[in-house]
Amino acid sequence: MKIFKYEELDSTNKFIKSLDNLQEYDIVIAKKQTAGRGRRGNPWTTELGAGLFSFLVEEKEGISIEEYTKLPLIIGYSVLKGLKKIENLDYKFKWTNDVYVQDKKISGILVEKMENKFVIGIGININNKMHSSVENIGISLREITEKEYSIDEVVIEVVEEFKKNYDKFINGKWEEILLEINKLNYLFGKRIKISGIGEIQEGIAGDILEDGRLEVYIGDIKKAFNIGEIHIAK
Ligand code: BTN
C-alpha cells in the first residue's frame, strides 16, 4: 500500500483513472479538489480539512458482476468501522453506502468501474467545517468533538478495514458483514420515498437483504429495491 499525497487535484477518482502503474490499495489523497464528483453526476465540494481519497481494487475472478453490487455496501461499512476506531461515535450506515452520525452525513462514496478494476473514491468530513449551504445535512468529526485529526490516520484505518471486509466478501462471508450492517441500518423503520423509475412511492424501510437490496413495506406489500433514490419522507 503506497500513499500519494497532493495539495490539489481536480478529483482523486479522475486522477487515479489517468495513472497506469498503480497497485491494488495504493491510495491517492488530495488536500483540495477543484472538481470533486459525487454520485449521479453531482459535484462534491468540501472546505479544507476533509479526507478526500481514492484507491483501486481489482475485480476477482469467480465473483459475478451481480455480486459486486454489494461492493458499495462493503465500502460504506468499512468507512464506518474505520471511523469508529478513530472516534467512537454512534455512526449509522445509510443504504446504499453513506455514513451518518447525529442524523447527518459524515461520509460519501463514489465507486466507478474501470476495466477489471474498481475506483473507490471516499470523502469524509474530518477537520472541515460544513459550508453553510450544507450544514443541515452534513457534519464533520471536528464539529462533533472539537478535536483535530490526522487525515492520513483516518484514511489508513478505513483502507485497512476495507481490505479485511473485502477479503471476507471474496471468501464467501458476506452474511457476516450483512448481519453487522443491518445492526447499523439508519433507514430501518423510517418512512422513506423511493423515486427511481416510475412514480414516487412511499413506505417504511426494513432490512437490507442478502442480495444487497433494501426491503420496503408499502402498505401491506413488501418490496425490494436496488435502484432508485431513497429519501426520508418529511
Ligand atoms: C456522494 O455522496 O455523492 C459521493 C461523494 C464522493 C466524494 C469523493 S471525495 C474523493 C473522491 N473524488 C471525487 O471526485 N469523489 C470522491
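Counting only strands (runs of 3 or more DSSP E) that fall entirely inside region 68-184 and contain at least 3 residues that are surrounded by fewer than 20 Cβ atoms within 10 Å (Cβ to Cβ), the qualifying elements are 104-114.
Among the residues of region 53-82, those identified as over 12 Å from the mean Cα position of the chain (by Cα), among the aliphatic types (A, V, I, L, M) and over 19 Å from Asn226 (Cα atoms) are Leu56, Val57.
Among the residues of region 9-32, the ones that are open to solvent by 100 Å² or more (accessible area, probe 1.4 Å) and either touching a residue at least 12 places away in the same chain (Cβ under 8 Å) or not acidic (Asp, Glu) (or both) come to 4 in all. Within region 6-24, the set of residues being polar (S, T, N, Q) and more than 9 Å from the ligand (Cβ to nearest atom) comprises Ser18, Asn21, Gln23. All of (1) farther than 24 Å from Glu180 by Cα; (2) at pLDDT 95 or above; (3) part of a loop (DSSP other than H, G, I, E, B) hold for Lys32 with one exception: (3).
For region 54-88, the set of residues classified as at pLDDT below 95 and polar (S, T, N, Q) consists of Ser64, Thr69, listed by residue number. Taken as a whole, the structure leaves Gly38 outside the set of residues that are within 12 Å of Gly108 (Cα to Cα), within 11 Å of the ligand (Cβ to nearest atom), small (Gly, Ala, Ser) and buried (at least 18 other Cβ atoms within 10 Å of the Cβ).
The values are calculated or read from the model by the stated rules, or taken from the named source; none is laboratory data. Predicted model, so just to flag it, every value in this text is computed and none were measured. Using ideal geometry, Cβ is built from the backbone for each residue, glycine included, and neighbour counts are taken over all protein chains shown. What goes into the accessible areas is simple: the full protein's heavy atoms, side chains included, and nothing from ligands, DNA or RNA. Shrake-Rupley method; radii C 1.70, N 1.55, O 1.52, S 1.80 Å.
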